[in-house]
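**Student:** Pasting a structure below so you can have a look.
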Amino acid sequence: LPPPASLMDFLPVELLSRIFTNALPPHLDDARYQVDDPGSIQASICCVCQRWNQVAKSTPKLWTFIKIWNRIRSHEVMKRRLELSGNLPLDVMLGLCQDQDEEEFSEIHALLVGQVSRWNTLRVKATVDVPSALQ
């Protein structure tokens, strides 16, 4: 027998989408919200069930917060997030660190520069020398 239906199964897509976007901080630099990585919220939502995954991936606003720590974000992940965000403005946070992979960061940097007209905010945190791609 299939499991009993949850009340969440009956929520309209628009309402579920709104709930998902309300899980994100309104601004990356809003001190009231301590979100280490919006990607963790996005991934958690996508992993709940197939329906949530589909709704999340069809909600561009959910993907407009992009936090890049160049040691852990791949070029393909960044490309997919940019696709999922549609044409909405982006809030970008770059974190530069000691053990950065210059080649991968250069690829990510090139993707983001291609979207500069969409940048709503850009915040840079650096703990080391700035990569040559940003000089």
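**Student:** Starting from segment 1-25, keep only residues that are at negative phi, then list their pairs with residues that are open to solvent by 80 Å² or more (accessible area, probe 1.4 Å) and modelled with pLDDT of 85 or more whose Cβ atoms are within a distance under 7 Å, requiring at least 6 positions of separation or different chains.
**Tutor:** These pairs meet every condition: THR21/LYS61.
**Student:** Within the bounds of segment 12-27, is there any residue that is among the acidic types (Asp, Glu), at pLDDT 80 or above and touching a strand residue (DSSP E or B) at 6+ places or on another chain (Cβ under 6 Å)? Outline the logic, then answer.
**Tutor:** Applying the first criterion (among the acidic types (Asp, Glu)) to segment 12-27 yields 14.
If we keep only those that are at pLDDT 80 or above as well, we get 14.
Narrowing further to those that are touching a strand residue (DSSP E or B) at 6+ places or on another chain (Cβ under 6 Å): none.
Within segment 12-27, none of the residues are among the acidic types (Asp, Glu), at pLDDT 80 or above and touching a strand residue (DSSP E or B) at 6+ places or on another chain (Cβ under 6 Å).
**Student:** Just a yes or no: is a residue in segment 98-113 within 22 Å of PRO25 (Cβ to Cβ), modelled with pLDDT under 85, open to solvent by less than 40 Å² (accessible area, probe 1.4 Å) and in contact with a Phe, Trp or Tyr (Cβ under 9 Å, 6 or more places away or on another chain)?
**Tutor:** yes
**Student:** While we're looking at this one, here's another question. Determine if segment 50-71 includes at least one residue that is among the hydroxyl-bearing types (Ser, Thr, Tyr), open to solvent by 20 Å² or more (accessible area, probe 1.4 Å) and either within 30 Å of ASP9 (Cβ to Cβ) or modelled with pLDDT of 80 or more (or both).
**Tutor:** Narrowing segment 50-71 to residues among the hydroxyl-bearing types (Ser, Thr, Tyr): 58-59, 64.
Applying the additional criterion that residues be open to solvent by 20 Å² or more (accessible area, probe 1.4 Å) yields 58.
Applying the additional criterion that residues be either within 30 Å of ASP9 (Cβ to Cβ) or modelled with pLDDT of 80 or more (or both) yields 58.
Checked segment 50-71: at least one residue is among the hydroxyl-bearing types (Ser, Thr, Tyr), open to solvent by 20 Å² or more (accessible area, probe 1.4 Å) and either within 30 Å of ASP9 (Cβ to Cβ) or modelled with pLDDT of 80 or more (or both).
The values are calculated or read from the model by the stated rules, or taken from the named source; none is laboratory data. As the structure is a computational prediction, the values presented were derived from the model and not from experiment. So basically every Cβ, Gly included, is an ideal-geometry build from the backbone, and we count neighbours across all protein chains shown. Keep in mind that these areas ignore ligands, DNA and RNA; they rest on the heavy atoms of the full protein, side chains included. Shrake-Rupley method; radii C 1.70, N 1.55, O 1.52, S 1.80 Å.
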